[in-house]
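The values are calculated or read from the model by the stated rules, or taken from the named source; none is laboratory data. None of these values were measured; they are calculated from a predicted model. Heads up, the Cβs are rebuilt from the backbone with ideal geometry, glycines too, and the neighbour counts pull from every protein chain shown.
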Amino acid sequence: MRFPMLQLLLAWLLAVTTQAAQEEPPPLSPTSIQDDARLFNPEQTAKLTALLATTRQQTGVRITVATFTYTSGITVSQRAQRLAAAWLGNEPGLVFAFDRGSSQPAIAVSPGLWNTYPADDITMMVLRNSTVFTQGNPIPDERMVAAIEASAHQIGSLETIRRQRLKVFTKDDRQLATVVIIVLAVLGFASLWFSRRIRHKRAVQEETYLFPDVHVGLRLGAPFGGGTAAEVKGRE
């Protein structure tokens, strides 16, 4: 067999790559930052930790960060998507990923975020912040911090707009419901009044008299013999 060592090496690399690709993602850190590549310094880590906590408290959106030195045989984007599925599920949030080995970044969006804000706004936010990774400051950690800060600010703006729209819709809905109730009440009373009038009119038309009409008069004078006269007629 030719090149047995090369074939064994390729088989070992394939097995390691497959196993790494199938392994479970690590649990999410309480700080929402998984800096395996040691990309951030302590000051940056503290700054991002406070920013992510504030963003989640004010908007309900969880922003997570993951850096690594290898991607387990998959692309950075695929790794970010797997982390989003494991860490966020249906919760609205983002995963900012960076591979130090290839210097490639990626942003993954959870389904919950698509269901919270308009798709056009999320798409523009991701595209706008993706350019921050490739332009501006050449230092990767500073580029990543800038992209995360920009995303947190934009999510805050989207949440403010969403809450304002909810307040407007709620106020309009209350006014509309009040008008509908008043109109229905008026229509109900009008229908009841008309139905009573119609029943009364029919009852009058169908009324049967059991007593005849009696007319009593006086006859005066000799020619008529005097006295009283009574005339009884039945109603036709």
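Data for the structure
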| read-out | value |
| --- | --- |
| In the range 171-202, residue nearest to the chain's Cα centre (by Cα) [restricted to those that are of a type in the set (D, E, K, R) and at pLDDT 70 or above] | Arg196 |
| Matching option when the condition is surrounded by 18 or more Cβ atoms within 10 Å (Cβ to Cβ), at pLDDT below 90 and β-branched (Val, Ile, Thr), among Val145, Val168, Val132 | Val132 |
| Meets criteria (touching a residue at least 12 places away in the same chain (Cβ under 8 Å) and more than 30 Å from the chain's Cα centre (by Cα)) for Phe133 | yes |
| Arg219 within 22 Å of Lys47 (Cα to Cα) and either at pLDDT 60 or above or surrounded by 10 or more Cβ atoms within 10 Å (Cβ to Cβ) (or both) | no |
| Cβ-Cβ under 6 Å pairs, at least 6 apart or on other chains, the range 91-111 side without any contact (Cβ under 8 Å) to a residue 40 or more places away in the chain and farther than 14 Å from Ile63 by Cα, far side assigned to a loop (DSSP other than H, G, I, E, B) and among the aromatic types (Phe, Trp, Tyr) | Gly101/Tyr70 |
